[in-house]
Amino acid sequence: MPEKRDKNGLTEKEFLENYTDTIYEKPSVTVDILVLSVDESISKLKVLLVKRDEHPYLGQFALPGGFIKPDETAYQAAARKLNEDTGLKDIYLDQIYTFTKPGRDPRGWVMSIAYLALVPDPIECRAGAGWFDLEIEPGAIRIAGKESGVNMAYKIKDETFKNGRITYENWVADKVSGDALSFDHIEIIIESILKLRSSFEHSDQAFNMVGETFTLPDMQALYELVLGKNLYKTNFRAMVAPKVEATGGKIKSRTKGKMSAEYKYIEK
């Protein structure tokens, strides 16, 4: 069978031998990871940030991340950078969105593939990384760290967007008081939280944010914290019933402070 030739009479082999990748400008590509956990009483979300030790944004806090190497996928880069920056490994990672806004990085044309990582406890991390309270309320997102003295307060507004025939609302960071995150990392937090909320009730993501065993009151508190709303006990238990099984033992509830039936996730 004769080889296929293009409009210039070249075979694929000849085309590749003569091809130059200087025709188009190329962006650099990074990964950034929002790492979420909860405090001991499951009353606050915790976010992991790293203090930048180089320009740009020297001395400011950012989400962990870095550039993708030519020999790795975005997922592999996210796992590698998370381990390098924080010491965390073998944890849940979910790709959120690709951020491409021109000028988002002062170093030049840099795109970022954002990931969400969920961990059960804010375990101790390497120097330069720390856990901060993440509070989400109507019209505002706050990030605070008592030990570091960091206090960020973003005003959030609803904006309407249209995609084809579909119109939808999304959060947009409007103003910030106090400290600020590096780059466009507040936008990564917003997109990650909105995606997590939209899928939390219909997926098993919650079980990445608890230990091997847990109580149902603690699980309900976790769902309510992430979703930002109260749930009816009967409806909640019906929702998680196919996903959990009782161990027959009892453990101390993190939210109630008393012994309660112990459950575990039914791994599929």
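The values are calculated or read from the model by the stated rules, or taken from the named source; none is laboratory data. Computed from a predicted model, the values in this text were never measured in an experiment. Every residue, glycine as well, gets a Cβ built from its backbone with ideal geometry; the counts of neighbours run over all protein chains shown.
Below, the figures for the structure above:
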quantity: Unmet criterion (only one of (1) in contact with a helix residue (DSSP H, G or I) (Cβ under 6 Å, 6 or more places away or on another chain); (2) outside any loop (DSSP other than H, G, I, E, B); (3) among the basic types (K, R)) for K89; calculated: (2)
quantity: Among the candidates A180, A153, A221, A206, residue that is touching a strand residue (DSSP E or B) at 6+ places or on another chain (Cβ under 8 Å) and not in a loop (DSSP other than H, G, I, E, B); calculated: A153
quantity: Within segment 82-125, considering residues that are under 20 Å from I193 (Cβ atoms) and acidic (D, E), the one surrounded by the most Cβ atoms within 10 Å (Cβ to Cβ); calculated: D94
quantity: Single condition T213 does not satisfy, out of (1) outside the structural domain of L36 (by TED's automatic domain parsing); (2) at pLDDT below 95; (3) in contact with a Ser or Thr (Cβ under 7 Å, 6 or more places away or on another chain); calculated: (2)
quantity: Unique residue being among the aliphatic types (A, V, I, L, M), more than 15 Å from the chain's Cα centre (by Cα) and at pLDDT 90 or above when the list is A74, A140, A79; calculated: A140
quantity: Residue satisfying all of: in segment 6-64; in a strand (DSSP E or B) and of a type in the set (V, I, T); modelled with the lowest pLDDT among these; calculated: V50
quantity: Some residue of segment 121-128 being outside any strand (DSSP E or B), among the aliphatic types (A, V, I, L, M), under 16 Å from G66 (Cα atoms) and free of Cβ contacts under 8 Å to residues at least 60 places away in the same chain; calculated: no
quantity: Boolean, P102 is within 20 Å of D32 (Cα to Cα) and touching a Pro at 6+ places or on another chain (Cβ under 6 Å); calculated: no
quantity: Residue ID - nearest to P64 (Cα to Cα), chosen from residues in segment 178-222 that are within 16 Å of the chain's Cα centre (by Cα) and among the acidic types (D, E); calculated: D184
quantity: Options D174, D218, D179, D184; residue that is in the same structural domain as A153 (by TED's automatic domain parsing), at negative phi and modelled with pLDDT of 95 or more; calculated: D184
quantity: Residues of segment 51-80 that turn out to be surrounded by fewer than 21 Cβ atoms within 10 Å (Cβ to Cβ), in contact (Cβ under 8 Å) with a residue 40 or more places away in the chain and within 24 Å of I193 (Cβ to Cβ), as a count; calculated: 7
quantity: Every residue from segment 178-195 that is closer than 18 Å to L118 by Cβ and either buried (at least 22 other Cβ atoms within 10 Å of the Cβ) or not basic (K, R) (or both); calculated: H185, I188, I189, I190, E191, S192, I193, L194
quantity: Conditions (1) without any contact (Cβ under 8 Å) to a residue 60 or more places away in the chain; (2) in a strand (DSSP E or B); number of the one not met by E147; calculated: (2)
quantity: Filter pass, T234 being free of Cβ contacts under 8 Å to residues at least 12 places away in the same chain and in the same structural domain as L118 (by TED's automatic domain parsing); calculated: no
